[in-house]
Each structure stands twice: as C-alpha cells, then as structure tokens.
Amino acid sequence: MTDTTSNQMWGGRFAAGPDAIMEAINASIGFDKRMAAQDIAGSRAHAAMLAATGVISDSDATVIREGLLTVLSEIEAGTFAYSNALEDIHMNVEARLKEIIGAPAGRLHTGRSRNDQVATDFKLWVRDQLDAAETGLLALIRALLAQAEAGAAWVMPGFTHLQTAQPVTWGHHMMAYVEMFGRDLSRVRDARVRMNECPLGAAALAGTSFAIDREMTAEALAFDRPAANSLDAVSDRDFALEFLGAASISAMHLSRMAEELVIWSSAQFRFVTLSDRFSTGSSIMPQKKNPDAAELIRAKVGRIFGANTALMMVMKGLPLAYSKDMQEDKEQVFDAADNWMLALAAMEGMVRDMNANRDSLAAAAGSGFSTATDLADWLVRVLGLPFRDAHHITGSLVAVAEQRGCDLPELGLSDMQAVHPDITKDVFGVLGVENSVNSRISYGGTAPSQVRAQIERWKAKL
C-alpha cells in the first residue's frame, strides 16, 4: 500500500503518511511539558551527584546545571520552542541544553534512563499537587470552622432521607464537613509520606554500573530515601493512583456539600444566601440567582472519578517493568488535579462568603415533628417505659398533632394524657428545639457546648 492510499485512509490530518501518525501517537510533549520545572530540578540534582561521585567533571556539571537554569528561564518566559519530533519534555530540554552548552550536555544522561527520569518528574509533580491540596483543604476547613463558631447555637433541622429528623445546630452541621475534609487532609498527608521515595538512579529497570550516589539525589530532591527496587521504581504508579483516590473521595465530599448549598440557597429553603461572587444570573429570568459554582463543583467529581478509573485500567495489565502504556498516566492526573484544586478553592470561597439565614433555619428546625425523639426519650427516662412502647405512644401523639394541624409542643396536656395518662406537664421542657439541641451532650453531639469543644479541638489540631 502506498503512502497516498494510507493518507486517504487516515484522513487529511496525517498528510505526511504513517510517520506522522506514529509521531502523533508517540509524542507526549503536548502535556508532559507541565513537568518542565520538575524535570530540570531532577537533572540538576543528577548532574551534581555525577560530579560528586567522579562520574563527570566538576566543570561539566557546573556548565550543565547553569545551562539547565537558562532552559528553565526560557520555559518560564514562554520563549522555549517545543518540538513534537523530540517526543517529550526530557528530550526537548536535553536538545535545547546541547544548543546552549554544546558537548557537555551529552554527559547529563549518564547513569539514568528516561524511565527513572519520568518516574521522578511525575512523583515530584504529584508531590507538589499533594502540597497544594493540603493548602486548599486547610483553607476550606478554616472557613468551615469560622461558620461553625458563628452559629454554634443556631438551631436548624437535621435530616435523614432529606426528611426532617431531629433539631441540630448550624455549627454541628458545619463541623460534620470539617470532619469529612479533615479525613481528606489525613489521606493527602498519608499519601505524601508513602510516595516520597526517589526513583532516580534506577535507570531503565536494572540500576546502573556507574558508582552513583542515590542517597545524594534523593536528599537533594527532598525525598526521604531512594526507592529500594529498580524494577518497581520505574514501573510504579501507585503514587498517582493514591493521589486520584484521595482526590476522588475529596471530590465526593465537595459534591455532597455543593448539593446541600444548591438546596439550601433555593427559594423553598432559604437556609443560606450565597454571595454574588459565586452566583450567576439568568439570561431570561431577572429574578434568578443561580448557585452555578456549587453546581459545577458537583459535576467535577465525574471527571475526577473518571481519571481514577482510567489510570487503574491503564495499569491493571502491565508486566514489569516499563511499558509505553504508562505515557497515558499523566493527562488523567493533570486534569484531575486542576479540577480538584479549582473545586477546593471555589468551595472555600463560597463557605467563607455565605450567610446563614438564622430565622429560616430556626423556623424549619421546629417543623416536621422534629422533637418526637425527645418525647420518646422522655417517656423512657421519666416514666420508665420500654423504648418500643414509647415509640408507639409518640407515634400516636404525632398522629393527633397532624389531625389538629399543629406541632407536638402545641398539643395540650389533656391531649397527651388521652394517649398515656402518666404524662405530666414536665414533658414540655424537652419539646422545644432549643431544649432538644441543648440536651444532646454526648461526645460528638449537637449541643452547643459539644460543638464549641469540637471547634477548639480542631483549632488545636491545625
């Protein structure tokens, strides 16, 4: 088959024939150029180590390290000319280095391979993203703590099945998200510790015969230690999968909170007012104030989950050590990182700016027979009834209140005694929502005293 026939099959995009197709599928420079700073940092550390161990001369190492800084300055200034023909960021940097310093550039790759080089670059990049995620999570947790502290005693309805269940406090609800994002924070920190081993020096897969010092390069790049097995070092992408796993769980938490903000800011709830900075209007309905930031955060989880699944599928069938399939690891992680960081920043801004509508929260807290459980608990505690009997009696009283079109605290004592004669007027002391939340003093409960204790615990942790 001629190139002309091949071109017709593949379409006009590949007018140069099969070679262009191979270049297009093989090149990664379009996305891995994001790792330029990490690639140059790794190369500078490697050059310094090669000189310290006598593998290359001090003068060559100095020229290489200075030349790499020149390359980095060009990249940062936007004047660097990337080439698809050079495939990836590593070859692009090395080629430009040779143009700048000449023959010594050829000594830089001594004792390493693109396999350990890319693993090192990618680890450095993911580590930077874990640090950025930690910063974003800490900011969000602090914003939630500020909301919780302001409304530690503000009553609101607690829900199960999105039905009114029992009264809680605004502070308690905010602290629930502090706990969620606190677990995200612990996962980020935990993943960072586990991934902080340096692949550099593992070479292609078997190590190198040069007398290199892997401890030196690991320390220079702020790794805790060198990776202990050269086969694993070049083929491991667990660190990227852990990053995506942590991102996926955190994005799910962000999506849950975003869903609540969408509901709470609606005209039917009016629990919160979102700031204009994180809302948009309608092109046709002038009264609308849409919670678009929350809705977009809610959607981001699909992209992040998808990246996690995609990379798992790439890695699941690969034999040791390196395979070209692993070039498909980065775009998924880059996209997930971008969207996770954006979602964290947007949620932090929404939480910091939003106003809780205390009156609406309080009005809703007393609806839906929210103190029914308090009544049942009183029957057990004061009258000594088995809980199942108390549950049945309370259900009967709820039915009476429904027929009367009122809530439980508005029933008369005679109405209650008609269902159970031993009920006394003391029962009304537990039926108000304020009384209800103040009584929930068990550790982790919604009583304002407990909420404030948890806020102080988190302040101390941070």
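What the table below lists for this structure:
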| read-out | value |
| --- | --- |
| Members of region 191-231 that are surrounded by fewer than 21 Cβ atoms within 10 Å (Cβ to Cβ), in a helix (DSSP H, G or I) and free of Cβ contacts under 8 Å to residues at least 60 places away in the same chain | Val193, Arg194, Glu215, Glu219 |
| Residue list for region 305-340, restricted to those being modelled with pLDDT under 95, part of a helix (DSSP H, G or I) and open to solvent by 40 Å² or more (accessible area, probe 1.4 Å) | Lys324, Asp325, Glu328, Glu331, Gln332 |
| Subset of region 194-229 (residues that are out of contact with any Leu (no Cβ under 6 Å at 6 or more places or on another chain), under 14 Å from Gln117 (Cα atoms) and of a type in the set (S, T, N, Q)) | Thr208 |
| Selection from region 65-79 of residues that are over 32 Å from the mean Cα position of the chain (by Cα) and surrounded by 17 or more Cβ atoms within 10 Å (Cβ to Cβ) | Arg65, Gly67, Leu68, Val71 |
| Scan of region 147-165 for residues that are part of a strand (DSSP E or B) and within 22 Å of Asp353 (Cβ to Cβ), ordered by number | Met156 |
| Residue in region 141-161 that is of a type outside the set (A, V, I, L, M, F, W, C), within 30 Å of Arg452 (Cβ to Cβ), open to solvent by 60 Å² or more (accessible area, probe 1.4 Å) and in contact with a helix residue (DSSP H, G or I) (Cβ under 7 Å, 6 or more places away or on another chain) present | yes |
| Some residue of region 105-115 being β-branched (Val, Ile, Thr), surrounded by fewer than 17 Cβ atoms within 10 Å (Cβ to Cβ) and out of contact with any Ser or Thr (no Cβ under 7 Å at 6 or more places or on another chain) | yes |
| Residues of region 128-140 classified as open to solvent by 40 Å² or more (accessible area, probe 1.4 Å) and either in contact with a Leu (Cβ under 8 Å, 6 or more places away or on another chain) or acidic (Asp, Glu) (or both), total | 3 |
| Test for Ala460: is it out of contact with any helix residue (DSSP H, G or I) (no Cβ under 9 Å at 6 or more places or on another chain), of a type in the set (Gly, Ala, Ser) and part of a helix (DSSP H, G or I) | yes |
| Residues that are in contact with a Gly (Cβ under 7 Å, 6 or more places away or on another chain) and outside any helix (DSSP H, G or I), drawn from region 399-436 | Asp407 |
| Helices (runs of 4 or more DSSP H) fully within region 10-102 counting 2 or more residues that are closer than 25 Å to Cys198 by Cβ | 29-32, 36-52, 58-77, 89-101 |
| Complete set of residues in region 84-104 that are of a type in the set (S, T, N, Q) and open to solvent by less than 50 Å² (accessible area, probe 1.4 Å) | Asn92 |
| Residue among Asp374, Asp389 that alone is in a helix (DSSP H, G or I), among the charged types (D, E, K, R) and buried (at least 21 other Cβ atoms within 10 Å of the Cβ) | Asp374 |
| Flag for Thr79 being among the hydroxyl-bearing types (Ser, Thr, Tyr) and more than 22 Å from Asn355 (Cβ to Cβ) | yes |
| Counted residues, region 21-38 - those being in contact (Cβ under 8 Å) with a residue 24 or more places away in the chain and out of contact with any Lys or Arg (no Cβ under 9 Å at 6 or more places or on another chain) | 7 |
| Qualifying residues in region 341-356 (those that are open to solvent by 40 Å² or more (accessible area, probe 1.4 Å) and in contact with a Ser or Thr (Cβ under 8 Å, 6 or more places away or on another chain)) - the one farthest from Val437 (Cα to Cα) | Asp353 |
| Residues (modelled with pLDDT of 95 or more and not aromatic (Phe, Trp, Tyr)) located in region 414-445 | Gly444, Gly445 |
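Rundown of residues vs (1) outside any helix (DSSP H, G or I); (2) at pLDDT below 95; (3) open to solvent by 10 Å² or more (accessible area, probe 1.4 Å), yes/no style:
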{"residue": "Glu242", "(1), (2), (3)": "no, no, yes"}
{"residue": "Ser250", "(1), (2), (3)": "no, no, no"}
{"residue": "Met257", "(1), (2), (3)": "no, no, no"}
{"residue": "Glu260", "(1), (2), (3)": "no, no, yes"}
{"residue": "Ser282", "(1), (2), (3)": "yes, yes, yes"}
{"residue": "Met285", "(1), (2), (3)": "yes, yes, yes"}
{"residue": "Lys288", "(1), (2), (3)": "yes, yes, yes"}
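The values are calculated or read from the model by the stated rules, or taken from the named source; none is laboratory data. This is a predicted model, so every value here is computed, not measured. So basically every Cβ, Gly included, is an ideal-geometry build from the backbone, and we count neighbours across all protein chains shown. Note: accessible area is taken over every heavy atom of the protein model, side chains too, but ligands, DNA and RNA are not part of it. Shrake-Rupley method; radii C 1.70, N 1.55, O 1.52, S 1.80 Å.
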